[in-house]
Structure formats: structure tokens, C-alpha cells
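Visitor: Dropping a structure here in C-alpha cells format, bear with me for questions.
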Amino acid sequence: MATVIVPAHNEASVIEDCLNSIINQPGIDNIIVACNGCTDNTVKIVTTKFPSVTCLDIEKPSKTNALNVAEEKAKALGISYPVFYIDADTQLSENAIQHISQVMDTGDVLLSAPTPIINTDKSSFLVKTYYKVWTNLPYIKEGVIATCSFIVSEEGRQRFDKFADVIGDDGYIRCHFKNKEIANIKGAEIYITAPKDIFSLIKIKTRARLGNMELIAKDKCPVREEKHYGNVMKERLFSKNFFSTSIYIAIALIIRVRANAQFKKLSTYTWEKDTSSR
């Protein structure tokens with residue numbers, strides 16, 4: 001049996017689809033939606049349409065704080081492992097909960113994620129091109145990067161105390177595990193809608209890069225296995241993928257510049273969110 005935690009900040013347009021993909025799956029003990037700082041009707045949707053779900057209405061708009069509060073509630077209810085931390089703007093494939101739980105029961109994988117399926121049907125050409133390159137990079141295929149959702153075993157959860165007050169919660173978790181301890185689970189999928197426009201993509205990717213920079217600066221990464229993929233990009237530049245790789249690199253450079261600028265004002269950072277895909 002598993003515990004599912006869904007942090008949600010103003011997710012009225014997507015929370016119903018997310019919970020519908022979870023609610024009837026076998027192998028779930030408790031589902032907790034941690035609404036945080038919501039000014040829309042997310043709470044009302046959860047409480048009226050999903051009465052079996054535990055809905056928390058948390059005043060503070062913070063994903064990491066919401067995760068901590070939800071975990072305390074899960075402990076009070078009787079927490080079950082593994083714990084699924086699922087973003088509210090995603091959906092799980094059928095039987096994903098049970099399948100992932102069974103895989104993690106072997107003890108070889110301590111941190112996992114479903115295999116990400118990124119829908120770019122409504123995205124612009126530049127966004128489609130970016131994801132075409134990004135999803136095929138080695139470090140993405142290593143696991144638990146492309147989803148923003150993750151699953152932790154009971155042994156894995158002992159690696160850290162509470163979620164730190166950082167921008168990148170998924171990056172923070174990944175920093176506690178070696179590459180051999182993590183995996184995207186085949187046979188279980190998570191569906192993610194890509195941003196429609198290039199600016200929305202740049203915003204969320206800047207946030208991700210900024211989050212990683214913050215983790216390093218604040219020494220929040222006890223396990224770091226750095227790998228460099230410069231040769232991979234060079235090979236792509238001198239191949240039939242030259243055009244798409246060039247676009248990817250150009251966008252990645254913009255993201256790097258924005259993240260570096262925002263890092264200088266980290267104390268006043270305002271969370272950037274993609275609203276185009278909602």
C-alpha cells in the first residue's frame with residue numbers, strides 16, 4: 001500500500017484530471033492534497049468532488065512547506081511506503097501506483113519516477129524542438145529528472161529529515177541518492193503537458209536551473225555525481241540533428257543567462273510558473 005501526496009497551488013484547472021488518474025488505482029492507502037496559498041477554488045473542487053481524499057488548506061504558498069505539512073498528516077493517518085509525490089498538473093497511467101510499488105519492494109530502487117510522456121501537441125515549434133533534444137539527453141534518461149514528481153521508498157526517506165526551503169524540491173531529493181539508486185520505472189507513465197510558448201518554457205527551465213544553483217550554493221547536495229555531456233552536444237552539432245541541437249543550445253544559453261541574473265537576487269526570487277499549459 002502507498003501514500004500519495006499532491007501539492008497544489010491554484011490548480012483548479014488541472015487538479016480534477018490529476019486526481020481522476022489516481023483515485024481508483026489499486027494499492028493506495030491514503031491520498032493527501034496539500035493545497036497551499038490557493039486563491040482559486042482548488043480546495044472546493046477537491047473537497048466536493050473527491051470526499052475520500054484528505055484535503056489540507058495551507059495558508060502559506062510554498063511547495064516544500066506543503067510537502068512537510070502533508071507528511072505530518074500522513075504520519076498521523078498511518079503513513080505507508082512508498083510515498084508518491086505527484087505534481088497536480090500531471091496524470092498517471094493505469095495501475096502505475098501498484099506497478100511502481102512492486103518494483104520498489106525489491107529494494108534496489110530507492111527513488112523513482114514514472115516514465116515521462118511529454119505532450120507537445122499544442123506547443124510552438126521552438127518548444128517542440130527543445131523537448132525533442134532534451135528528452136534524449138543522457139542525464140534525462142538516467143531518471144527522476146523530467147517529471148517533477150517522484151516516489152521514495154521507506155529506506156530512501158531516511159536519507160533526509162524535512163524538505164528544505166528551496167526552489168527545486170525534486171532536485172533536493174535527487175541530491176540524496178546515487179545514480180544506481182534511482183530509476184524511471186518502465187511500464188508506468190506520467191503524462192505532462194509542455195508549455196505552449198517559448199517564454200513559458202524558458203521560465204520553468206530557468207527555475208529548474210536556478211534551483212540547482214541554489215542547492216549547490218547552500219550545500220544541500222550530500223551526494224553529487226557530476227557528469228559532463230559536452231561531447232554529446234558536439235556530436236549532435238556535427239550530425240543530421242544540427243538544426244534542432246543549435247536551437248536547443250540557443251535556448252539553453254538564454255536559460256543560463258536568466259538563471260545567473262536571478263541568482264544574484266535569490267533572496268527576492270518570485271516563483272515562475274507555466275500557465276500556458278493549464
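The values are calculated or read from the model by the stated rules, or taken from the named source; none is laboratory data. Note that this is a predicted model, so its numbers are computed, not measured. Cβ atoms come from the backbone with ideal geometry, glycine included; neighbour counts cover every protein chain shown. With ligands, DNA and RNA removed, areas are computed over all heavy atoms of the protein, side chains included. Shrake-Rupley method; radii C 1.70, N 1.55, O 1.52, S 1.80 Å.
Visitor: Determine, from the Cβ-Cβ distance of ASP105 and GLU72 and an R0 of 30 Å, the FRET efficiency 1/(1 + (r/R0)^6), rounded to the nearest 0.05.
Guide: Computed FRET efficiency for ASP105 and GLU72 comes out at 0.75.
Visitor: Can you flag which of LYS132/LYS264; LYS75/LYS180; LYS218/LYS265; LYS180/LYS203; LYS196/LYS273; LYS203/LYS240 are past 20 Å Cα-Cα?
Guide: From the list (LYS132/LYS264; LYS75/LYS180; LYS218/LYS265; LYS180/LYS203; LYS196/LYS273; LYS203/LYS240), the Cα-Cα distance tops 20 Å for LYS132/LYS264; LYS75/LYS180; LYS180/LYS203; LYS203/LYS240.
Visitor: Roll a 1.4 Å probe over the protein heavy atoms and report the accessible area of MET104 in Å², nearest 10.
Guide: About 10 Å², rounded to the nearest 10.
Visitor: Here is a further query. At a Förster radius of 51 Å, what calculated FRET efficiency corresponds to the Cβ-Cβ distance of ASN95 and THR270, to the nearest 0.05?
Guide: 0.85
Visitor: Assuming R0 = 45 Å, can you tell me the calculated FRET efficiency for the pair SER52 and THR135, based on Cβ-Cβ distance, to the nearest 0.05?
Guide: After rounding to 0.05, the efficiency reads 0.80.
Visitor: Just flag the GluC sites (Glu not before Pro) in the range 47-92 sitting in loop per DSSP whose Cβ has no more than 12 other Cβ atoms within 10 Å.
Guide: On the way: sites: GLU59, GLU71, GLU72; in loops: GLU59.
Sparse-neighbourhood loop GluC sites (Glu not before Pro): GLU59.
Visitor: Compute the accessible area per residue over the range 74-202, keeping the other protein chains in place, probe 1.4 Å, unit Å².
Guide: Solvent-accessible surface per residue comes out at 43 Å².
Visitor: Relative contact order for the range 1-52: what is it in percent, counting Cα pairs under 8 Å that are at least 6 residues apart? Please report the intermediate quantities before stating the final value.
Guide: Details: 62 pairs, mean separation 26.4, N = 52.
Once divided by the residue count of the range 1-52, the mean separation gives 51 percent.
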